[in-house]
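A.B. asks: Following this message is one structure expressed as structure tokens.
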Amino acid sequence: MSTLLATFYFFYFAIVGVYIIFMPKVLSMAGYSASEIGIIFAAGPLVRFVLPFAFAKGLKLNGKNFNAALLIMLVSAIAFALSLEHFYRLLLANICFGIGLSIVLPYIELISLESLGKERYGKIRLFGSVGFVLVALVLVKFLDSADVALIYLVSLTFLTTLVAFVIARNSHDTINKAKDIQNDISLLRDWKLWLGLTLMQVSFGAFYNFFTIYETDHGVGLDMTIYLWSFGVLAEILMLYFQGRFLRSNLLIILQITTFASAFRWFLIFLFPQNLPVLFFAQSLHALSFALFHSAAISYLFHLYKHRSLAQQFFSGITYGFGGFVGALLAGYVYELFPAYLFLSSSAIAFAAFVSLYLWHQNSKIKAVS
């Protein structure tokens, strides 16, 4: 199972690499405005936000529905490739792509945590980071047209679908046993926690959707921008490999440290958009702001709630979904209206995430004492 999970993460996050690093630039080259790019890339996360509520209200994840999600993911990737010059068709394809992604990944994450444990999880998850950085380094050498990036997107989606299908067939018990567990997740009761996790992803909107455009607009070459992406992922890989010792500590403190580090990271990019040594240092903080934050967050939710599968769905849907939707939309309009302040706004949002998680931690201490 470890080999299958590592292979899945490799191909899945290779897709993410194509999607995040190259697709915004492809759409920009095709003549789309910053706000249109923001709308297109906000649609998928919005679907990820809506779907967990459907599962909370009774939609069941069984083998049949899981396979349907895989099929939707593959067909929508093909539709995305065929709709580059048609805004609304592209938007619809991206929405369907979001549906597939939003169902598949959280359950693979659940299978990983249950079969590997939080300390071994990072050593398997790092293969996703390897896939991300390899596709970035390879594709940048061959990206002479939009068709190349789109071929990579479709091919990697096919491979991801195939591996996920095999994993699901070998993990029926993990998928099916969550059906009878009562929902113990309350977003209103735990709003400080969920607000902090969500704001963290909102702050990533500028980075995920506009970092390549932002840096190339400031005179940094596309090759160097890809090296910046790759350096951040290398830092992420190192953290995923060695993070087991950190995850034995207080996970809430880790979440606060990583959100504060993210606010500092975005502030550095705002101040020094052309200073390569500072940019590389800022990218090294990806080890904290993505790798350690992500592992600490899913591990904390895994132990906080009894309905573990739904907790992972909500984490994917609310933080990466709704947070990604707001982040992409906000970043698109900020970059169109106030381009110089794009990453300053991200820094302020990440700091607000830190404050919210700090308040949740203090509230948890009070409950523990009482």
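The values are calculated or read from the model by the stated rules, or taken from the named source; none is laboratory data. Everything numeric in this text was worked out from a predicted model, so none of it was measured. Methodologically, a virtual Cβ is constructed for each residue, glycine included, from the backbone with ideal geometry; neighbour enumeration extends over all protein chains shown.
A.B. asks: Do we have Ala178 as more than 23 Å from Ile78 (Cα to Cα), aliphatic (A, V, I, L, M), assigned to a helix (DSSP H, G or I) and at pLDDT below 80 here?
C.D. replies: Answer is yes for this residue.
A.B. asks: Okay, moving on. Please list, ordered by residue number, the helices (runs of 4 or more DSSP H) wholly in the stretch 1-112 having 1 or more residues that are in contact with a Lys or Arg (Cβ under 9 Å, 6 or more places away or on another chain).
C.D. replies: Result: 2-17, 63-81.
A.B. asks: In contact with a Phe, Trp or Tyr (Cβ under 7 Å, 6 or more places away or on another chain) and buried (at least 19 other Cβ atoms within 10 Å of the Cβ): is that true of Ile40 in this structure?
C.D. replies: No.
A.B. asks: Within the stretch 240-253, which residues are surrounded by fewer than 22 Cβ atoms within 10 Å (Cβ to Cβ), under 18 Å from Arg125 (Cα atoms) and hydrophobic (A, V, I, L, M, F, W, C)?
C.D. replies: Of everything in the stretch 240-253, those that are surrounded by fewer than 22 Cβ atoms within 10 Å (Cβ to Cβ), under 18 Å from Arg125 (Cα atoms) and hydrophobic (A, V, I, L, M, F, W, C) turn out to be Phe242, Phe246, Leu247.
A.B. asks: Would you mind telling me which numbered condition in (1) β-branched (Val, Ile, Thr); (2) within 21 Å of Ile111 (Cα to Cα); (3) crowded, with 19+ Cβ neighbours inside 10 Å; (4) out of contact with any Ser or Thr (no Cβ under 8 Å at 6 or more places or on another chain) Val18 fails?
C.D. replies: Result: Val18 fails condition (2) only.
A.B. asks: Suppose we filter Lys64, Lys118, Lys25 for residues that are within 30 Å of Gly221 (Cβ to Cβ) and modelled with pLDDT under 80; which single one remains?
C.D. replies: Selected residue: Lys25, the only one of Lys64, Lys118, Lys25 that is within 30 Å of Gly221 (Cβ to Cβ) and modelled with pLDDT under 80.
A.B. asks: Separate question: So Leu90 clears everything in (1) of a type outside the set (Gly, Ala, Ser); (2) farther than 18 Å from Phe11 by Cα; (3) surrounded by fewer than 17 Cβ atoms within 10 Å (Cβ to Cβ) except one condition, right? Which one?
C.D. replies: The single condition Leu90 does not satisfy is (3).
A.B. asks: Keeping to the stretch 307-340, report how many residues are among the charged types (D, E, K, R) and at pLDDT below 80.
C.D. replies: The number of residues fulfilling the criteria is 1.
A.B. asks: Restricting attention to the stretch 237-254, does a residue exist that is under 18 Å from Gly324 (Cβ atoms) and touching a residue at least 40 places away in the same chain (Cβ under 8 Å)?
C.D. replies: Looking for residues that are under 18 Å from Gly324 (Cβ atoms) and touching a residue at least 40 places away in the same chain (Cβ under 8 Å), one finds none in the stretch 237-254, hence no.
A.B. asks: How many residues, within the stretch 267-299, are crowded, with 20+ Cβ neighbours inside 10 Å, under 26 Å from Ser249 (Cβ atoms) and over 17 Å from the mean Cα position of the chain (by Cα)?
C.D. replies: Residues flagged as crowded, with 20+ Cβ neighbours inside 10 Å, under 26 Å from Ser249 (Cβ atoms) and over 17 Å from the mean Cα position of the chain (by Cα) within the stretch 267-299 amount to 1.
A.B. asks: Shifting gears a bit: Name the residues in the stretch 222-276 that are of a type in the set (Ser, Thr, Tyr) and either under 27 Å from Trp360 (Cα atoms) or at pLDDT below 85 (or both), would you?
C.D. replies: Ser230, Ser249, Thr258, Thr259, Ser262
A.B. asks: Between a first residue in the stretch 274-296 that is free of Cβ contacts under 8 Å to residues at least 12 places away in the same chain and a second residue that is buried (at least 18 other Cβ atoms within 10 Å of the Cβ) and part of a helix (DSSP H, G or I), which pairs have beta carbons less than 7 Å apart while being 6 or more apart in sequence or on different chains?
C.D. replies: As it stands, the answer is Val278/Leu268, since those pairs meet every condition given.
A.B. asks: List pairs: first in the stretch 184-202 and farther than 14 Å from Asn363 by Cα, second part of a loop (DSSP other than H, G, I, E, B), Cβ under 8 Å, 6+ apart or cross-chain?
C.D. replies: Asp184/Tyr305; Asp184/Lys306; Asp184/His307; Ile185/Tyr305; Ile185/His307
A.B. asks: What residue, among those in the stretch 213-227 that are of a type outside the set (Phe, Trp, Tyr) and under 22 Å from the mean Cα position of the chain (by Cα), is nearest to Gly31 (Cα to Cα)?
C.D. replies: My answer is Ile213.
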